[in-house]
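Here's the structure we're looking at; comments come further down.
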Amino acid sequence: MEQQESLQLQNQLCFPLYVIAKEITGLYRPFLDELDITYPQYLVMMVLWENDGLSVNHIGEKLYLDSGTLTPLLKRLETKGFITRKRKKEDERVVEVFISETGKALKAKACKIPEKISKKIDASEQDWIDLKTSVLKILNKIEK
């Protein structure tokens, strides 16, 4: 590929990845608005529904977010009553995050979202598997 062509938008891998991420995230918005949470807050809640009582650092590692980004998200979730944050007794520098009863009730409502998104996009299960496999393969190469 010629140097000039390498700068054309149509020849960039990052652009369709950026657009698809933005568009898919946008599809979540109406469903998450009903729950009064944002997409990043939804990601945090999914991590906690999977493993309650994680440290802020551990949540950040799972979501590829630094504490400067994560802390305001957690504060808003705590203000809404979905989580509680507690300093670890053994090491007060470590803050652990726990799902509240309200946060547990939110899970029952949120569990319908993936199916709603899947219906909106209308891709085959194999398409989803192939896309996820490809993206994770590239992500793993970036992390090395």
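The values are calculated or read from the model by the stated rules, or taken from the named source; none is laboratory data. This structure is a prediction, so every number in the text was calculated from the model and none was measured. All Cβ positions, glycine included, derive from the backbone under ideal geometry; neighbour counts span all protein chains shown.
Points to keep in mind about this one:
- Gly60 vs. criteria part of a helix (DSSP H, G or I), small (Gly, Ala, Ser) and over 30 Å from Lys120 (Cβ atoms): no
- Filtering the stretch 12-36 to residues that are surrounded by 11 or more Cβ atoms within 10 Å (Cβ to Cβ) and over 27 Å from Leu106 (Cβ atoms) leaves Gln12, Phe15, Pro16, Leu17, Tyr18.
- Members of the stretch 77-96 found to be out of contact with any strand residue (DSSP E or B) (no Cβ under 8 Å at 6 or more places or on another chain) and surrounded by 16 or more Cβ atoms within 10 Å (Cβ to Cβ), listed by number: Lys80
- Scanning the stretch 37-56 for residues that are over 21 Å from Ala110 (Cβ atoms) and either exposed (fewer than 15 other Cβ atoms within 10 Å of the Cβ) or within 15 Å of the chain's Cα centre (by Cα) (or both) yields a single hit, Val56.
- The combined condition, being of a type in the set (A, V, I, L, M, F, W, C), in contact with a strand residue (DSSP E or B) (Cβ under 6 Å, 6 or more places away or on another chain) and at pLDDT 95 or above, is not fulfilled by Leu63.
- Flag if Lys120 is touching a Leu at 6+ places or on another chain (Cβ under 8 Å), assigned to a helix (DSSP H, G or I) and under 30 Å from Cys14 (Cα atoms): yes
- Of all residue pairs spaced 6 or more apart or on separate chains, those with beta-carbon atoms under 8 Å, a first member in the stretch 44-57 that is touching a residue at least 12 places away in the same chain (Cβ under 8 Å) and within 11 Å of Val95 (Cβ to Cβ) and a second member that is hydrophobic (A, V, I, L, M, F, W, C) and assigned to a helix (DSSP H, G or I) are Leu54/Val47; Leu54/Leu48; Val56/Leu70; Val56/Leu74.
- Some residue of the stretch 71-82 being charged (D, E, K, R), at pLDDT 95 or above and closer than 20 Å to Val135 by Cα: no
- Scan of the stretch 9-49 for residues that are among the hydrophobic types (A, V, I, L, M, F, W, C) and outside any helix (DSSP H, G or I), ordered by number: Leu13, Ile37
- Residue selected from the stretch 57-75 under the condition within 24 Å of Lys112 (Cβ to Cβ) and surrounded by fewer than 17 Cβ atoms within 10 Å (Cβ to Cβ), by the criterion nearest to the chain's Cα centre (by Cα): Leu63
- Where a residue in the stretch 90-102 is more than 12 Å from Glu78 (Cα to Cα) and its partner, wherever it lies, is modelled with pLDDT of 90 or more and aliphatic (A, V, I, L, M), with Cβ under 8 Å and at least six apart: Val94/Val56; Val95/Val56; Glu96/Leu54; Glu96/Val56
- Lone qualifier among Asp52, Asp91 - being over 22 Å from Val135 (Cβ atoms), at pLDDT below 95 and not in a helix (DSSP H, G or I): Asp91
- Residue check for Ser100: touching a Gly at 6+ places or on another chain (Cβ under 9 Å) and surrounded by 13 or more Cβ atoms within 10 Å (Cβ to Cβ): yes
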